Structure formats: C-alpha cells, structure tokens
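Enquirer: Below is one structure. I have some questions about it.
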Amino acid sequence: MSFSVRRLTRDDVDAYRAIRLEALTLHPEAFTRTAEDFALQAVVDLAAVLDKLAFFGAEGPDGQLVGIMAFDQGQKREAHRGWLLQVYVRQAWRGKGCAQALLEAVLAHASDHVLQVHLGVAADNAPALRLYRQAGFEIYGTDPRFMKVDGRFIDEHLMVRFLDKAPGKTTEND
C-alpha cells in the first residue's frame, strides 16, 4: 500500500476531524482528550488548530487521511523546543512505514524551528516507543499515573530528541 505525506491546512478540517475522532474513540488510553469532548468542538475552532500547529497527514491512494502528527513550537523562553502531538495511524496502515514517514516530516519541519522535540507516550505502548527510540528519542522521565482511563492508571514516558546533535551522541558539556 502506498501513501504520501503532506502538510495539512484548514481545508482538511473535515478529514482531520474524522481521523482524530476515530483515534480518540478507539484509543482513549493514548490521549488526554476524550472523544466526547472533541466531538463538541466547533469546526471553526478545529480549523484554527490546523492553522496554529504544524499538522502532517499521510494519505492513502484514495486521498483519505490514514495518519496524522502535529508539531507545536514553544513560546518565549521555550521557543527552542517543540512538542510532537496527536500521533495516530489507522490500524490497516500500521507497520507499513506510515508513522515513520510522518515522524520524519515533523522532524524535518521542526529542525528549521527548534533545537529539541519532546513527546509523551504511554509507558506500555511498545510500538510507539520502538518508533521513537529508532528516531533518536530518549526517555528522560516517567510520569506515574499520568492518566486514569476506564479504571486503569497509565504511566507516561517523557521523551526528547535533540536536533542540534546526532542521536545517541553527547557533547563534553552534557
């Protein structure tokens, strides 16, 4: 199966809304936002989010969004760092390089804006942890009981990728 990755715009709001709602519904343990809360958000507000953040989408051959990732740059004293957000790939497209391609697009974009990219991921999400580690992210902390979903506590690993040095390399001042 082939896909292409591109930057999303406000014109993609309906497709974005559909895939984000799917992600929140099928995987509530992976996101702090609930599907119910998201469903109430006005389309105009979602379009504003697409304008504010750098969203990337993977499209299948039929033009349907099959994966999304977003990047948000810090402000003022945190402008040197950004965050990877809203990561989701539809089940049928997992294991096909889609998440890796999206991540590469986000990191390429981020490298023009920040020195480091942070993310939070459920500690038991082995496929995501593998993807992030392969991309040079390192765990720098764990937030125990970060969320409680359906009566189950979920720990969150905090990860960082420094873009101003090669993955796995440290400098003398580190």
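Read the figures in this text as sums done on the coordinates, not as results from a lab. Quick caveat, the model's predicted, so the values are computed rather than measured. Here the Cβ is made from the backbone with ideal geometry for all residues, glycine too, and neighbour counts use every protein chain on show.
Enquirer: Could you tell me whether the stretch 51-138 comes out rounded, prolate or oblate from its Cα gyration tensor? Rule is a ≥ b ≥ c as square roots of the eigenvalues, rounded for a/c under 1.5, then prolate if a/b exceeds b/c, otherwise oblate.
Expert: Working: a/c = 2.16, a/b = 1.38, b/c = 1.56.
The shape class here is oblate.
Enquirer: Which three numbers, in whole Å and largest first, are the semi-axes of the equivalent ellipsoid of the chain derived from its Cα gyration tensor as √(5λ)? Please list the in-between numbers first.
Expert: Numbers: eigenvalues 123, 78, 57 Å².
Each semi-axis is √(5λ); the values are 25, 20, 17 Å.
Enquirer: Now a separate question. Would you work out the charge dipole size for the stretch 95-143 about its Cα centre, treating the Cβ of every Lys and Arg as +1 and the Cβ of every Asp and Glu as -1, and quote it to the nearest 20 debye? Intermediate results must be reported in sequence, preceding the final value.
Expert: Working: 3 positive and 5 negative charges, 40 e Å.
So the dipole magnitude of the stretch 95-143 works out to roughly 200 debye.
Enquirer: How large is the Kirkwood hydrodynamic radius of the stretch 118-159, counting all unique pairs of alpha carbons, in Å?
Expert: Details: mean 1/r = 0.0957 Å⁻¹.
Taking the inverse mean of 1/r over all distinct Cα pairs, the stretch 118-159 comes out at 10.5 Å.
Enquirer: Pick out, from Gln75, Gly63, Ala123, the residue whose Cα sits farthest towards the positive end of the charge dipole of the chain, with +1 on the Cβ of Lys and Arg and -1 on the Cβ of Asp and Glu.
Expert: It is Ala123.
Enquirer: Where Lys and Arg each count +1 and Asp and Glu each count -1, what net charge lies around Gly151 among other residues with Cβ under 13 Å from its Cβ?
Expert: On the way: positive: Arg145, Lys148, Arg152; negative: Glu29, Asp150.
Overall, the nearby charge balance is +1.
Enquirer: Using Cα atoms only, what is the angle between the long axis of helix 13-26 and the major principal axis of the chain, expressed in degrees (0 to 90) to the nearest 10?
Expert: 70 degrees
Enquirer: How large is the charge dipole for the stretch 39-174, taken about the Cα centre, if only the Cβ atoms of Lys, Arg (+1) and Asp, Glu (-1) carry charge, to the nearest 20 debye? Let's see the in-between values first.
Expert: Working: 15 positive and 17 negative charges, 46 e Å.
Here the stretch 39-174 has a charge dipole of around 220 debye.
Enquirer: Please label the shape of the stretch 29-94 as rounded, prolate or oblate, based on the square roots a ≥ b ≥ c of the eigenvalues of the alpha-carbon gyration tensor (a/c under 1.5 means rounded; beyond that, a/b larger than b/c means prolate, else oblate). Mind dumping the intermediate values first?
Expert: Values: a/c = 1.70, a/b = 1.37, b/c = 1.24.
Because a/c hits 1.5 or more and a/b exceeds b/c, the stretch 29-94 counts as prolate.
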